[in-house]
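**Student:** Okay, here's the structure, questions in a sec.
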């Protein structure tokens, strides 16, 4: 996978409640460990960031935490390539240096982050049907501490943007304290404050927000009306809509550089009213970008990318996508909206070939099934289910070496995919390589306790 256009490790630093530091939400591998007091210089040009810059500079994501990046996959355009007007000289100079370092692909850089992204914790006031944080929220109550962030003021005020996220940042105590610090300190007046929120508490903050001349609100919003209320359990559409429109009206009334954007998750429950949702975004001039439902921690009844059969209940789903895509194209919202929707539609159609292949496999038509699995893999090279099925099919056909090749490919993409681990381990045992199977099972069990794999491990050790 190529990484053309990505500039994250030259422009953005992410500081997280879980004691990690990084530069990108989509990075798959472990991020750097956060220690206090927080030393920006240490992290910004430390080994972790230099390694990431090297990965981007190589333009090859294979085998790295950047492999399969949604940011690249869905054609999102980097927001760092153009310096906006109205920055202070020190902000503009820092950004200009960052661009120079980025274009030269320097590993050690003399600029500081243009954007700071701060994740304050998991607490939230809603229970959304697709939330991947739901289980962790009840056991992990950590919050990003405020005082060490306040001490970073000299670094923060030369950035263009400070982004705040959770959970729901407008209900996390430390998040609220830090937001208050920023909006009440005139030294931050030229920094853009961005808040990623579900919008339900926005009405409590519109008045104090007037201190910020540059303010962006990204609303997590997936549908309208009753569909919205079903997805975002605990919210009321009428109230959230009013909060969004009041925020926009306040910014316009006072001549403030305020903007609203929408982050929308594609899942089963958001599809039926997708066109109405797009119409609402266009009518109210709230640009939208679409992301797929997370494939880990998902609600199986919503995850149409791995389970396209869920859309049997929505027979006109392709027409819905096509209509929404056409409206977005006509509006000119291409990169974050029309293009991702087009790709997601194709992904769902491709994934639908997998159960067809599995049905052929179950009837004994191994070669027919294999053709469909290969078609899926060619269209979606990171489809672990299809690759695992290709491996099993080749095993059934007696192509041992080819089978192992595909199992290893699947394990590289998803080392903790249960089906792949079990199937690969069984083949290793049949090839008289029990020690390799033990290593594979042990690695999996250290991550995910599993009764069936524990039994297989016990048999090997017995």
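The values are calculated or read from the model by the stated rules, or taken from the named source; none is laboratory data. Model, not experiment: these values are computed from the prediction. Don't worry about glycine lacking a Cβ; one is built from the backbone with ideal geometry, like all the others, and counts go over all protein chains shown.
**Student:** Among the residues in the stretch 418-433, are any surrounded by 15 or more Cβ atoms within 10 Å (Cβ to Cβ) and not in a helix (DSSP H, G or I)?
**Tutor:** Checking the stretch 418-433: at least one residue is surrounded by 15 or more Cβ atoms within 10 Å (Cβ to Cβ) and not in a helix (DSSP H, G or I).
**Student:** Of the residues 215, 152, which is over 26 Å from the mean Cα position of the chain (by Cα) and in contact (Cβ under 8 Å) with a residue 24 or more places away in the chain? Quick ask: steps written out before the conclusion?
**Tutor:** Working: 215 fails: over 26 Å from the mean Cα position of the chain (by Cα).
Residue meeting the stated conditions: 152.
**Student:** Please find, within the stretch 43-70, the residue that is farthest from residue 383 (Cα to Cα) out of those that are in contact with a helix residue (DSSP H, G or I) (Cβ under 8 Å, 6 or more places away or on another chain) and either modelled with pLDDT under 75 or in a helix (DSSP H, G or I) (or both).
**Tutor:** That would be 43.
**Student:** Sticking with this one: Taking the condition of being under 20 Å from residue 94 (Cα atoms), out of contact with any strand residue (DSSP E or B) (no Cβ under 8 Å at 6 or more places or on another chain) and in a loop (DSSP other than H, G, I, E, B), how many residues in the stretch 10-42 meet it?
**Tutor:** 1
**Student:** I've got another one for you. Without any contact (Cβ under 8 Å) to a residue 24 or more places away in the chain, more than 25 Å from residue 172 (Cβ to Cβ) and under 24 Å from the mean Cα position of the chain (by Cα): which single residue out of 55, 100, 82, 64 fits that description? Spell out how you get there, then give the answer.
**Tutor:** Details: 55 fails: without any contact (Cβ under 8 Å) to a residue 24 or more places away in the chain; 100 fails: under 24 Å from the mean Cα position of the chain (by Cα); 64 fails: without any contact (Cβ under 8 Å) to a residue 24 or more places away in the chain.
Only one candidate qualifies: 82.
**Student:** So which residues in the stretch 287-339 are assigned to a loop (DSSP other than H, G, I, E, B), crowded, with 19+ Cβ neighbours inside 10 Å and either in contact with a strand residue (DSSP E or B) (Cβ under 6 Å, 6 or more places away or on another chain) or not assigned by TED's automatic domain parsing to the domain that holds residue 244 (or both)?
**Tutor:** 293, 305
**Student:** If you don't mind, another one. Which pairs turn up if I take residues in the stretch 219-240 that are part of a strand (DSSP E or B) and look for partners that are surrounded by fewer than 14 Cβ atoms within 10 Å (Cβ to Cβ) with beta carbon separation below 8 Å, at least 6 apart in sequence or on another chain?
**Tutor:** Close Cβ pairs satisfying both conditions: 233/127.
**Student:** Here's something else I'd like to know. Looking at residue 415 and the list (1) at pLDDT 85 or above; (2) outside any helix (DSSP H, G or I), which single condition is not satisfied?
**Tutor:** Result: residue 415 fails condition (1) only.
**Student:** Further question on the same structure: Do we have any residue at all in the stretch 376-389 that's in a helix (DSSP H, G or I), surrounded by fewer than 20 Cβ atoms within 10 Å (Cβ to Cβ) and in the same structural domain as residue 409 (by TED's automatic domain parsing)? It would help to see each step written out before you state the result.
**Tutor:** From the stretch 376-389, those in a helix (DSSP H, G or I) are 376-379, 384-389; that's our starting set.
Keeping just the survivors that are surrounded by fewer than 20 Cβ atoms within 10 Å (Cβ to Cβ) gives 378-379.
Next, from what is left, pick out any that are in the same structural domain as residue 409 (by TED's automatic domain parsing): 378-379.
Scanning the stretch 376-389, I find at least one residue that is in a helix (DSSP H, G or I), surrounded by fewer than 20 Cβ atoms within 10 Å (Cβ to Cβ) and in the same structural domain as residue 409 (by TED's automatic domain parsing), so the answer is yes.
**Student:** Is it the case that the stretch 72-79 has a residue that's under 23 Å from residue 160 (Cα atoms), free of Cβ contacts under 8 Å to residues at least 40 places away in the same chain, surrounded by 14 or more Cβ atoms within 10 Å (Cβ to Cβ) and assigned by TED's automatic domain parsing to the domain that holds residue 28?
**Tutor:** For the stretch 72-79, residues under 23 Å from residue 160 (Cα atoms), free of Cβ contacts under 8 Å to residues at least 40 places away in the same chain, surrounded by 14 or more Cβ atoms within 10 Å (Cβ to Cβ) and assigned by TED's automatic domain parsing to the domain that holds residue 28: present.
**Student:** Now for a different question. Residues being surrounded by fewer than 20 Cβ atoms within 10 Å (Cβ to Cβ) and in contact with a helix residue (DSSP H, G or I) (Cβ under 6 Å, 6 or more places away or on another chain): count how many of those fall in the stretch 362-373.
**Tutor:** Filtering the stretch 362-373 down to residues surrounded by fewer than 20 Cβ atoms within 10 Å (Cβ to Cβ) leaves 362-368, 371.
Restricting the remaining residues to those that are in contact with a helix residue (DSSP H, G or I) (Cβ under 6 Å, 6 or more places away or on another chain) gives 366, 368.
Adding up the residues that qualify gives 2.
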